[in-house]
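First comes the structure, then the notes that go with it.
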Amino acid sequence: MQLHQALPILRDIIGDTVQIRRVPTGLTNAVYQLTTPDRRWALRINNPQGHRLGINRARERDILAHIQGQSWAPVVGWASDQLLLTEWHSGANYKPSSAERVERLCALIEAIHGCTGHLLVDQPSLLVPDQIQLLLDQAGAVDPAFQSQVLAECERYQAPDRLVLCHHDWHPGNLIHQQGQLLLLDWEYAAPGDARLDLACLLSGFNLSGAQQQQVLERFHLDPDTLLTVQCLADAMALLWYRVRCPTRPYLAEQHQWAVRWQTHLGAL
């Protein structure tokens, strides 16, 4: 869908007097800031090939409806397979520069995991071996040693007994600090999933230091070795995501670096 097709659909919400600005953003969708006389909106025009990346638009809509009213949730004005309209939430990207800020991150992810609810029972889950296989199927040529090691780690992975609501896309660009509140954006990959995977995504996405990672492990009573396999798979999943989204770049050097890095770590387990 193009912008000129989207605006008439949203006319009852945004009116006819609208200033439009394209927002430089991620690689998947087109995002615009819409300014009306009394409000600002973020309009996301969804990439129709999002399913190749593991995006389920119906699941995202249900989850956004489920979390409406939470202080950390974006306010939705309209949602469909093609469009997502939310209130424009402005603020500074959140950077965990202190132990107190890391604790706020931990409290937020704990709140999200605790917001699972019965509504999500029928939602398709996102488990890391399934997501990796989906991406491998779409990725074309990858380094054979990388693929072999990734699949071996998928075999080692043990799914949790209980799935919880996970965001799966933690990084400073998706988390803003607004009037004393944290607001988490971009719920495309949210799904019932493994809490450990969400934590692994948080550790990598925010590039936490060794001391900060230890703080998170202690906060959630996790043994480092328990999280290690999930961390390596989260990193592999991110590499494969970029390989699918940017098919002209093979990412072979990054795949080799992943294999070297994680072979050293996991060989000690």
**Q.** Size of charge dipole - the stretch 1-128 - debye, nearest 20, with Cβ of Lys, Arg +1 and Asp, Glu -1, no other charges
**A.** 420 debye
Q) Counting Lys and Arg as +1 and Asp and Glu as -1, what is the net charge of the other residues whose Cβ lies under 12 Å from the Cβ of A236? A) -2
Q. So, counting K/R as plus one and D/E as minus one, what does the shell of residues with Cβ under 12 Å around Q257 add up to?
A. -2
Q. What shape does the chain take by its C-alpha gyration tensor, where a ≥ b ≥ c are the square roots of the eigenvalues and a/c under 1.5 counts as rounded, a/b above b/c as prolate, and the rest as oblate?
A. prolate
Q. At q = 0.16 Å⁻¹, what log₁₀ I(q)/I(0) does a Debye calculation on the Cα points of the stretch 158-269 give, no solvent, two decimals?
A. -0.87
**Q.** Cα gyration tensor shape for the stretch 1-72, rounded if a/c is under 1.5, else prolate or oblate
**A.** oblate
**Q.** Rounded if a/c under 1.5, otherwise prolate or oblate - the stretch 1-139, Cα gyration tensor axes
**A.** oblate
Q. Once phi is turned into θ = phi - 60°, what whole-Hz ³J(HN,Hα) does the Karplus curve with 6.51, -1.76 and 1.60 give for every residue of the stretch 55-69, x standing for Gly and Pro?
A. 7, 10, 5, 5, 4, 4, 4, 4, 5, 4, 5, 5, 9, 4, x
Q) How large is the accessible surface per residue of the stretch 18-120, computed with a 1.4 Å probe and reported in Å² as a whole number? A) 49 Å²
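The values are calculated or read from the model by the stated rules, or taken from the named source; none is laboratory data. Predicted model, so just to flag it, every value in this text is computed and none were measured. Methodologically, a virtual Cβ is constructed for each residue, glycine included, from the backbone with ideal geometry; neighbour enumeration extends over all protein chains shown. The area values use the complete protein model at the heavy-atom level, side chains included, leaving out ligands, DNA and RNA. Shrake-Rupley method; radii C 1.70, N 1.55, O 1.52, S 1.80 Å.
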